[in-house]
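Here's the structure we're looking at; comments come further down.
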Amino acid sequence: MGLLGKFFGKKQEPDTEEIEVVSRNPVATFLVENVLKVMKREILIGTVKGGMVYPGYKVKGNGVALVYAIERNRERVEFAVDGDRVALLLEGRIKVRKGDVVEVYQS
């Protein structure tokens, strides 16, 4: 396909993989205080309620998304524990609102 074909040709659907939860029991819960969308990424701001959250874990609300990174006070951290107020940078999208409690599963 030529250069013009790329611009004026058939639009291709973005590659979207379905993310699945493998583990059966949640390792933590997360209270959502705010939902942001920055450059096609969804960011959940809230508090960890029970358990620990690591990058690579999966968040399940109305859908499932992968935790790409965790930030506390605008600095990346390796994990978040019970009571921490953090931002979860997600890979994928889930439908959650302010006040929702989502479950976090180990990958």
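For this structure, a couple of remarks:
- Lone qualifier among Val77, Val53, Val81, Val32 - being at pLDDT 80 or above and closer than 15 Å to Lys95 by Cα: Val32
- Candidate set from segment 39-50 (those that are closer than 14 Å to Ala87 by Cα and among the charged types (D, E, K, R)); member that is surrounded by the most Cβ atoms within 10 Å (Cβ to Cβ): Glu42
- Asn25 passes every criterion in (1) touching a Phe, Trp or Tyr at 6+ places or on another chain (Cβ under 9 Å); (2) modelled with pLDDT of 90 or more apart from (2).
This table checks each residue for (1) surrounded by fewer than 17 Cβ atoms within 10 Å (Cβ to Cβ); (2) in a strand (DSSP E or B).
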{"site": "Leu31", "(1), (2)": "yes, yes"}
{"site": "Lys37", "(1), (2)": "yes, yes"}
{"site": "Met52", "(1), (2)": "yes, yes"}
{"site": "Gly56", "(1), (2)": "yes, no"}
{"site": "Ala65", "(1), (2)": "no, yes"}
{"site": "Glu71", "(1), (2)": "yes, yes"}
{"site": "Val86", "(1), (2)": "no, yes"}
{"site": "Leu90", "(1), (2)": "no, yes"}
{"site": "Arg97", "(1), (2)": "yes, no"}
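The values are calculated or read from the model by the stated rules, or taken from the named source; none is laboratory data. These numbers come from a predicted model, not from an experiment. Note: ideal-geometry Cβ built from the backbone for every residue, glycine included; neighbour counts use all protein chains shown.
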